[in-house]
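Structure first, then comments.
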């Protein structure tokens, strides 16, 4: 029954998406004159569709929770012996389930938009929801026609095949849902941008509606990427936190576009400038999340993220990609000329700095995009290549370094026009910190160029992040401004962590007999014993490592080499010792013929700062949303109050006072 | 300056930056892309010493030997022909790294003709087949593809 309810809900939701599209289009057409009879269905259709899509997802979640082995998806991806949490998270640990999650979040955000967004003109709202329905329809078609999650088996399986053990981790509960919600939040930004473009409503009021969606999506993407990076770091046992793997790039590209979009939409809201640019970034950001979905889900890449290699699905997503991105850019090309020019500004101004960084972000995006697609391109000519850090690191840094420099200065500039001389003290301070930081570090030894630059920039950015608050009464600084300062500070923190990891990491690889000791940095690592252990669905070899820092009290670390039996697969469970100034990372390998065990240990100073930085950036985004929404609610209250007062005055028959604006 | 001019200048600057990024990418991709070699290709046209490349093939039977330090492994990688490339790797071996299984080694060729691997890509699920080993053409390649390795990511 469960599966049938889910499937029926999905079909109904798809039908409602059609209604939403048609009704939204009717709303768009009933510009003047009486509203089109169909137009009233737009918002209800979006809301009911959201309920149905979420219901379908909950049905699948239920099927996984009770391990209903008559459903093909459950039988091929779950196992009755798995811990409950991994049964639940396993719902989206496969192709069909993850697409259903994607569609569920898409419909839910469309429903939220339809239910709560009352500020936009009805026509713009109609166009927005029509576009949202169109996007949703494509994904419903994809799910129902080529990846039905509710397909039954003719004969129920006796036991499931289980979930890829690498995914049997709490990371699966956090990383995909946040990342998806972020991707999909960008779809709302895209629909809003299209709606505004179609109805020629690209103005600050529209930007204020779009901003929380962009900020929200960006916060979720930031958290999703941060969580994914930490998950890969501790789960894969390679000791790296970013591999420039195509699927990682697939999540980084929408983030870069969303970062640019978020800043540009703020300029539009505050200053009524950068109108077309904002719309273009809205289209670009969603294109990148579509491209990410294509890269990850189509099977063109071999990776732990590519659950199913099925050419039909790949071409389906590619067709959707072409349809949406091609359509969006066509509308953009046709309508962009009709968007009136926004307010002007000088090159040296806050807008100028934001535009510069927008361009730098786009350039980094281009670098990442080309590096990611290049292997796919060459494969068409039968040349097999892979592109890794030797390309991405320097090429991205060429644009990232000027971006960070401008990011330090930009928030200090005034809107519209400013003179560099006004902020010469701040400029001198930032330059001194940058140069001083680099000089200080180079004094202690020779380090690679990029980490060295990173350390200098981190020092300068950390201070520069709080300079905009200088000379202001801290209790009166708007919450959104605090958000900006904290997010920029987070960038400095993350940069510091990355640079330290790059410059100061110590590694030791050795074969050790039980009782033997190895030295890493100022840590002494003693292998006490190696014992077999067992878990609910795995057996493992576990090493007991006594780790003592500078002769202090030893701490026990227990890295494992695990063997799962369903599906049969081996994984390496690293053991981490976290200290305020870094992490010790230990992995156990094979046993040599003479009985010694391979041990690999890294000391990574301040590596945790990378993820603390990511969380600070997200926190800054959350503060910005809170601040903006509070101001907006206040403004709306004031407007209602003013109108009520004016109505009272009208009733009294006195002359109406003219409002200040 | 007219509004139109400002917009034009902005567009030009953005285009120049993006084109610059594109050209830079194209140029450095040609230099930095990590090419994939089969053992016979590496024997016929060896890459420059120190250039980062990938080598993929089968681990020759009876060729795996561990050095005295317990962590350095030497083995031979063969392909469709008799050519075999010696590989040296220091690190923890992938669990399913055994004689006769497929392997993709990342690293570079040393001056002595030994391929110094910095990373061995390991099989972790029979569902995943690496792109590199697809279409090797022979029956052996089919076997390689069937029980072979991919990156852990």
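The selection criterion, being free of Cβ contacts under 8 Å to residues at least 60 places away in the same chain, surrounded by fewer than 24 Cβ atoms within 10 Å (Cβ to Cβ) and in a helix (DSSP H, G or I), holds for residue A:108.
Condition check for residue B:72 on (1) more than 26 Å from residue A:387 (Cα to Cα); (2) over 20 Å from the mean Cα position of the chain (by Cα); (3) modelled with pLDDT of 85 or more: one failure, at (2). For residue A:562, state whether it is closer than 22 Å to residue A:238 by Cβ, under 31 Å from the mean Cα position of the chain (by Cα) and either assigned to a strand (DSSP E or B) or touching a residue at least 12 places away in the same chain (Cβ under 8 Å) (or both). Taking the combined requirement at face value, the residue satisfies it. Do we find that residue A:224 is away from every other protein chain (no Cβ under 14 Å), touching a residue at least 40 places away in the same chain (Cβ under 8 Å) and under 29 Å from residue A:587 (Cβ atoms) in this structure? Taking the combined requirement at face value, the residue satisfies it.
The residue of segment A:231-250 that is nearest to the other protein chains (Cβ to nearest Cβ), among those that are assigned to a helix (DSSP H, G or I) and modelled with pLDDT under 85, is A:247.
Residue A:178: in contact with a helix residue (DSSP H, G or I) (Cβ under 6 Å, 6 or more places away or on another chain), in contact (Cβ under 8 Å) with a residue 12 or more places away in the chain and closer than 23 Å to residue A:226 by Cβ, yes or no? When the stated conditions are applied, residue A:178 passes them. Count of segment A:590-610 residues, restricted to those that are in contact with a helix residue (DSSP H, G or I) (Cβ under 9 Å, 6 or more places away or on another chain) and either assigned to a loop (DSSP other than H, G, I, E, B) or crowded, with 19+ Cβ neighbours inside 10 Å (or both), is 7. Among the residues of segment A:523-536, the ones that are touching a residue at least 60 places away in the same chain (Cβ under 8 Å) and either touching a strand residue (DSSP E or B) at 6+ places or on another chain (Cβ under 6 Å) or at positive phi (or both) come to 4 in all.
Pairs are defined by a Cβ separation below 7 Å, a sequence spacing of at least 6 or placement on different chains, a first member in segment B:91-112 that is within 19 Å of residue A:387 (Cα to Cα) and more than 12 Å from every other protein chain (Cβ to nearest Cβ), and a second member that is part of a loop (DSSP other than H, G, I, E, B) and at pLDDT 85 or above; the pairs so defined are B:109/B:46; B:109/B:47; B:109/B:49.
Residues in segment A:64-77 that are surrounded by 24 or more Cβ atoms within 10 Å (Cβ to Cβ) and at pLDDT 85 or above: A:64, A:71, A:73, A:74.
In segment A:452-466, the condition of being at pLDDT below 95, surrounded by fewer than 15 Cβ atoms within 10 Å (Cβ to Cβ) and in a helix (DSSP H, G or I) is met by no residue.
Once segment A:519-540 is narrowed to residues that are at pLDDT below 90 and crowded, with 18+ Cβ neighbours inside 10 Å, the residue that is nearest to the other protein chains (Cβ to nearest Cβ) is A:538.
Within segment A:565-589, the set of residues being over 30 Å from residue A:78 (Cβ atoms) and not in a loop (DSSP other than H, G, I, E, B) comprises A:577, A:578, A:579, A:582, A:583, A:584, A:585, A:586, A:589.
Evaluation of residue A:466 against the conditions (1) under 31 Å from the mean Cα position of the chain (by Cα); (2) without any contact (Cβ under 8 Å) to a residue 24 or more places away in the chain; (3) over 24 Å from residue A:263 (Cβ atoms) shows that the sole unmet condition is (3). Quick check on residue A:184: is it buried (at least 20 other Cβ atoms within 10 Å of the Cβ), assigned to a helix (DSSP H, G or I), at pLDDT 90 or above and away from chain B (no Cβ under 14 Å)? No, not satisfied. Number of residues in segment A:380-393 that are within 7 Å of another protein chain (Cβ to nearest Cβ) and in a helix (DSSP H, G or I) equals 2. Looking at B:117, B:105, just one residue is surrounded by 23 or more Cβ atoms within 10 Å (Cβ to Cβ) and at pLDDT 90 or above, and that residue is B:117.
I'm checking my understanding of the structure. Among residues of segment A:363-372 that are touching a residue at least 24 places away in the same chain (Cβ under 8 Å) and at the interface with another protein chain (Cβ under 8 Å from one of its Cβ atoms), which one is surrounded by the most Cβ atoms within 10 Å (Cβ to Cβ)? Only one residue tops the list, namely A:363. State whether the residues of segment A:59-68 include one that is under 25 Å from residue A:289 (Cα atoms) and within 31 Å of the chain's Cα centre (by Cα). Yes, segment A:59-68 has at least one match. In segment B:1-90, counting only strands (runs of 3 or more DSSP E) that sit wholly within it, the ones holding 2 or more residues that are facing another protein chain (nearest Cβ under 9 Å) and farther than 30 Å from residue A:599 by Cβ span B:34-37.
Within segment A:273-280, can one find any residue that is at pLDDT below 90, touching a helix residue (DSSP H, G or I) at 6+ places or on another chain (Cβ under 6 Å), over 29 Å from residue A:336 (Cβ atoms) and outside any helix (DSSP H, G or I)? No, every residue in segment A:273-280 fails to be at pLDDT below 90, touching a helix residue (DSSP H, G or I) at 6+ places or on another chain (Cβ under 6 Å), over 29 Å from residue A:336 (Cβ atoms) and outside any helix (DSSP H, G or I). Could you tell me whether residue A:375 is within 7 Å of another protein chain (Cβ to nearest Cβ) and either in a helix (DSSP H, G or I) or under 22 Å from residue B:8 (Cα atoms) (or both)? No, not satisfied. Is one or more of the residues making up segment A:618-631 touching a strand residue (DSSP E or B) at 6+ places or on another chain (Cβ under 8 Å), farther than 19 Å from residue A:541 by Cβ and modelled with pLDDT of 90 or more? No, because not a single residue in segment A:618-631 is touching a strand residue (DSSP E or B) at 6+ places or on another chain (Cβ under 8 Å), farther than 19 Å from residue A:541 by Cβ and modelled with pLDDT of 90 or more. Would you mind stating whether residue A:425 is in a helix (DSSP H, G or I), crowded, with 18+ Cβ neighbours inside 10 Å and out of contact with any strand residue (DSSP E or B) (no Cβ under 9 Å at 6 or more places or on another chain)? In short, no.
Working only within segment A:549-589, note down all residues that are within 23 Å of residue B:66 (Cβ to Cβ) and surrounded by fewer than 20 Cβ atoms within 10 Å (Cβ to Cβ). Once the filter is applied, which keeps residues that are within 23 Å of residue B:66 (Cβ to Cβ) and surrounded by fewer than 20 Cβ atoms within 10 Å (Cβ to Cβ), segment A:549-589 yields A:563, A:570.
The values are calculated or read from the model by the stated rules, or taken from the named source; none is laboratory data. Nothing here was measured: the structure is a model prediction, and the numbers come from that model. A quick note on method: Cβ atoms are made from the backbone with ideal geometry, for glycine too, and the neighbour counts reach across all protein chains shown.
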